[in-house]
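Report on the structure given below.
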Amino acid sequence: MSDGAEEPVAGKKTPSVFLERQSYRRRRLMDAARLLPVLGALLFAVPLIWPRAGQPGAVQSSHGVIYIFTVWAVLILGNLWFGHLTRSWSGRDPVDPGREGDSFPPAGG
Amino acid sequence: MATLNLMVLVCLAYVALLFIVAFAADRFAATGRSTWLRSPLIYTLSLSIYCTAWTFYGAVGYAARSGLEFVTIYLGPTLVMMGWWWGLRKLVRVGRSQRVTSVADLISSRYGKSNLLAIAVTVLAVIGITPYIALQLQSITLSFSIFFEEAPVGSYSDASVVFWVAVGLAVFAILFGTRNLDANERHHGVVTAIALEAVVKLVALLAVGIFVVWGLSGGVAETLARIDASPIGEWQVNGSRWATITFLAVAAFVCLPRMFQVMVVENDDERHLRTAAWAFPLYLLLISLFVVPIAVVGLDVMPAGANPDMFVLTVPLAQGKAALAMLSFLGGFSSATSMVIVAAMALSTMVSNHVVMPIWLSAQGDRASVSGDVRSVVLLARRISIGAIMALGYFYFRLSGGGSALASIGLISFAGIAQILPAMIGGLFWRGATRIGALAGLTVGFALWLYTLLLPQLGAGILPQSVLEQGLFGFGWLRPEALFGIEGLDPIVHSVMWSMLLNAGVFCLGSMLSFPSPLERLQGAQFVDVFDHSAGPRGWTGSVAQSEDLMIMTQRILGAREAQVLFQREAALQGGRGHLPEPTPLFLERLERELSGSVGAAAAHAMIGQIVGGSSVSVEDLLAVADESAQLMEYSSQLEAKSAELARTARKLREANEKLTQISLQKDAFLGQISHELRTPMTSIRAFSEILRDEDNLTEGEKVRYAGIIHDEALRLTRLLNDLLDLSVLESGQVTLNMRTGLISEVLDRAVSAALAGAEGSLLVRRRQGTEAIRLTSDFDRLAQVFINLISNAQKYCNAPQPELVISVHDVGGQVVVDFIDNGGGVPVEVQSTVFEKFFRVNAEKAGGAGLGLAISKEIMQRLGGDIVYLPGHTGGAFRVSLPLEEAQVGQG
């Protein structure tokens, strides 16, 4: 997956050591996408340390519900955001060099 | 009031609608007017078969029993979707590029197309999924019976309902899942129908939820308060179960055959994942959003002892909301049917591709290409498999009596399917994973799951009570629910921990200790580096393959029209004019992939192998060929070397022959010469001695003169004979050398004066006295003989008007060289190599000697440890005499 496959800047023959700003952003975005499930797993693991029923200070179920579903929604939004950003570079995306631009709008979008 | 009859009517109408939708979608797809059928929306909704009746009914029951723990089942898939960029995307890419038809096909394909591995995965899947299918049947039956309890009608029995439901589902799956054998194995009709069902179940659950929150509880805040006041009002989740079930859900989401079917096999476009990555978690969130409120309200309003698994249905019914209950029933019905249909399809693909087809192919022997309709065999195998799987589910339901709580069956099933995970993840991300490792890991995991979870939990009576309590063979540490003496764990946690740990451990260990076959290594590289290259792993050589045979076989598998379209497309791609493509390796490889979409990778490989016959090139063959060609190359290089040597020898022989011929000619010439040389003096001697004998009146002066001539001639003869004797002595090595030490100038002085004394002619000898002061030890008489010979040769043969001989002495790196160079015409090039041969004479007329001088000189010099050579490159005759300096010393002067 070479992001260096950008069009070379006129006059430069050898690729630069540093990526162009756009490619750099793209790579950091991919890093973020890789971290998202880790973050999700960590956040979903938080209830493991909550005091359980019968222990002093046991967490109310309603709080649990609110916490879980909030984290869930935030993760979905994060993924939506990432999907939205990656859509814009589908043309040069090495993932799908085939046809570009699905005419159908994304589900729920 | 909803009656059972109305219920059945609605049900049938709904099924009819599904049929119409599926049929229409298939038609649309066939005509190509189906852009929306391939949209990310449909893809996302089809993923929702993850949410079965276990979700629809079971989640509420689960929540009523253990609070929020149910949510882990949906958090797992959410996490998987979050990591789509580096996880699912790879899986989908591999599935598409390898034309994988099922999860068993994926594993088999990755590990060198091993059918054994495919069978293992298939067996595991069938055993794991059958209870799950039974669970769906149970939920449908339960929901029917609830309506029956509400409004009893005459003849109702659970058994007949479940039987007809099973039959109906089997018919649906057969009709839409095995209509055709598509190379891509996509079923637009089924996918569209389950997308519709996905909407129905979501809407139904949301409707019940909204009714419960706003209709019964009076708002969000009130509902939250009600939750806290309920029996599950406090956080009561067991940490180990929370983590274990989340992990199980992750594993099941990617390993479940039905999930693999909709996620990978039915995937039309990799980019759909981008949408599904957030849309499917959203779907899951919405599905689980109202689960806790429904559970809490159900616990509150329903009488104690009511089955919490049915709250979704019973709560609206109890509140008199018949229409809502009907919708809810349809939701549950949808959940169950969509899961059963897809699971039956996915399992039947696995069974027919990896169990039935290999058996059938081997039973057919090598007649697959000429007899039997493979296409109908495959379809029949799938239909029978679907029927058999449904029958298994039905009998399991009947035998187990449907007593266990829904959720526990689901989790047990998940734990079984999760055993595929190590082999799958290892196959996708680790090139070192091998078939042996995968097989060993899978076996160990499967056995442990069977022993620690499935048999103790569901197989009541199969495992004797003594084993449960005292362990296998009485070993306490082998107790199914407390392996190695670790007690007190939840059964699920215990089983998952041991089976996954040992499965993954054995998988890694087996992979590290075994060595993969070349095909495995190639496939491993193709899977792990799928984003770098997606070329085929092996080649066919098609020179023997007949296009007609391939065509006939393909027609049998794909159907006549599809096969013709495919072959025409390939022919066009190759640029040929005929309608049959040339059986190029590229074409064969593509064809194999197309076929593997229908009958599985291993079977397709075997079938093409049967037609192409011996020319199917396995990697082993390629390696053998490479070995052979390497040997051939080595052999041919040896041959080359030998032939070069032969050529050299032949050249030497030719040279030797030329030399021999020349020598023989010289000898002949010499014999003529020597007889002439001998006869001339003999004739003179005879003539003059006859004169002396017969003539009486000779003067004294005449007598003296004639006697002198006789004497001279006798001397000449003697000299000639001396030379010959000398040469033979030298050659035989019997010569004795008289070594002494002296200056080389002395030898030269003697030689020059001896050679020039009494000779006619005016040879001018030039010497450089300064360089001649070299002291050496040698036989000075012999050396002088050589020098005299050279000087007199110059005297005899130098044809310059003013003959001149330059004698120069050098000290050249350990050797003394003495050059004799005259200003005459020199020795002609063609005879330079024979100048030192015996009896050689440049030109017979001028010859004074017998042509032995240089030969003798050469022999002498070799005896003295030196050499004499002719120096080419000079205008005149040039000879170089070299002597070793070991015995020579540079003189003081």
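The values are calculated or read from the model by the stated rules, or taken from the named source; none is laboratory data. Everything numeric here is computed off the predicted structure, so don't read it as measured data. FYI the Cβ positions are ideal-geometry reconstructions off the backbone, even for glycines, and counts take in every protein chain you see. Only protein heavy atoms, including side chains, enter the accessible area calculation; ligands, DNA and RNA are left aside. Shrake-Rupley method; radii C 1.70, N 1.55, O 1.52, S 1.80 Å.
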TODO: Collect the residues in the range A:27-73 that are facing another protein chain (nearest Cβ under 10 Å) and basic (Lys, Arg), keeping them in residue-number order.
DONE: A:Arg34, A:Arg52
Open item on the list: Test of understanding: among B:Phe333, B:Phe329, which residue is away from chain A (no Cβ under 14 Å), of a type in the set (Phe, Trp, Tyr) and closer than 30 Å to A:Ser62 by Cβ?
Closed with: B:Phe329
Open item on the list: Checking B:Tyr283 against (1) surrounded by 20 or more Cβ atoms within 10 Å (Cβ to Cβ); (2) away from chain A (no Cβ under 11 Å), only one condition comes out false. Which one?
Closed with: (2)
TODO: Identify all residues within the range B:97-134 that are open to solvent by 10 Å² or more (accessible area, probe 1.4 Å), closer than 24 Å to B:Val528 by Cα and in a helix (DSSP H, G or I); write none if there are none.
DONE: B:Ser97, B:Asn115, B:Leu116, B:Ile119, B:Ala120
Task: strands (runs of 3 or more DSSP E) contained entirely in the range B:774-843, each with at least 2 residues that are in the same structural domain as B:Gln662 (by TED's automatic domain parsing) - done: none
TODO: Would you mention how many residues in the range B:286-302 are within 11 Å of another protein chain (Cβ to nearest Cβ) and in a loop (DSSP other than H, G, I, E, B)?
DONE: 1
Task: Some residue of the range B:106-129 being within 13 Å of chain A (Cβ to nearest Cβ) and among the small types (Gly, Ala, Ser) - done: no
Open item on the list: Any residue at all in the range B:750-770 that's among the basic types (Lys, Arg), in a loop (DSSP other than H, G, I, E, B) and within 17 Å of B:Leu805 (Cα to Cα)?
Closed with: yes
TODO: Mind listing just one residue for me: the one in the range B:862-893 that is modelled with pLDDT under 75 and open to solvent by less than 20 Å² (accessible area, probe 1.4 Å) and, of those, farthest from B:Gln815 (Cα to Cα)?
DONE: B:Gly891
Task: B:Leu313 being part of a helix (DSSP H, G or I) and within 14 Å of chain A (Cβ to nearest Cβ) - done: no
TODO: Mind listing just one residue for me: the one in the range B:210-249 that is more than 10 Å from chain A (Cβ to nearest Cβ) and of a type in the set (S, T, N, Q) and, of those, farthest from the chain's Cα centre (by Cα)?
DONE: B:Ser217
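Matching residues to (1) at pLDDT 80 or above; (2) crowded, with 23+ Cβ neighbours inside 10 Å; (3) outside any loop (DSSP other than H, G, I, E, B):
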{"residue": "B:Arg179", "(1), (2), (3)": "no, no, no"}
{"residue": "B:Asn184", "(1), (2), (3)": "no, no, no"}
{"residue": "B:Ile194", "(1), (2), (3)": "yes, yes, yes"}
{"residue": "B:Val199", "(1), (2), (3)": "yes, no, yes"}
{"residue": "B:Leu202", "(1), (2), (3)": "yes, no, yes"}
{"residue": "B:Leu216", "(1), (2), (3)": "yes, no, yes"}
{"residue": "B:Asp228", "(1), (2), (3)": "no, no, yes"}
{"residue": "B:Gln236", "(1), (2), (3)": "no, no, no"}
TODO: Scan (1) open to solvent by 90 Å² or more (accessible area, probe 1.4 Å); (2) basic (Lys, Arg); (3) farther than 14 Å from B:Ala687 by Cβ for the single condition B:Arg705 breaks and write down its number.
DONE: (3)
Open item on the list: Please go through the range B:650-670 and give me each residue that is under 19 Å from B:Leu724 (Cβ atoms) and either open to solvent by less than 100 Å² (accessible area, probe 1.4 Å) or not in a helix (DSSP H, G or I) (or both), ordered by number.
Closed with: B:Ile663, B:Ser664, B:Gln666, B:Asp668, B:Ala669, B:Phe670
TODO: Specify the residue that is modelled with the highest pLDDT; the eligible residues are those in the range A:78-89 that are open to solvent by less than 20 Å² (accessible area, probe 1.4 Å) and within 7 Å of another protein chain (Cβ to nearest Cβ).
DONE: A:Asn79
Task: Residue list for the range A:51-77, restricted to those being open to solvent by 50 Å² or more (accessible area, probe 1.4 Å) and modelled with pLDDT under 85 - done: A:Arg52, A:Gly54, A:Gln55, A:Pro56, A:Gly57, A:Gln60, A:His63
Task: Residue ID - farthest from B:Ile341 (Cα to Cα), chosen from residues in the range B:135-167 that are surrounded by fewer than 17 Cβ atoms within 10 Å (Cβ to Cβ) and either polar (S, T, N, Q) or at pLDDT 80 or above (or both) - done: B:Ser155
Task: Residue list for the range B:252-271, restricted to those being over 25 Å from B:Leu206 (Cα atoms), in a helix (DSSP H, G or I) and within 14 Å of chain A (Cβ to nearest Cβ) - done: B:Val254
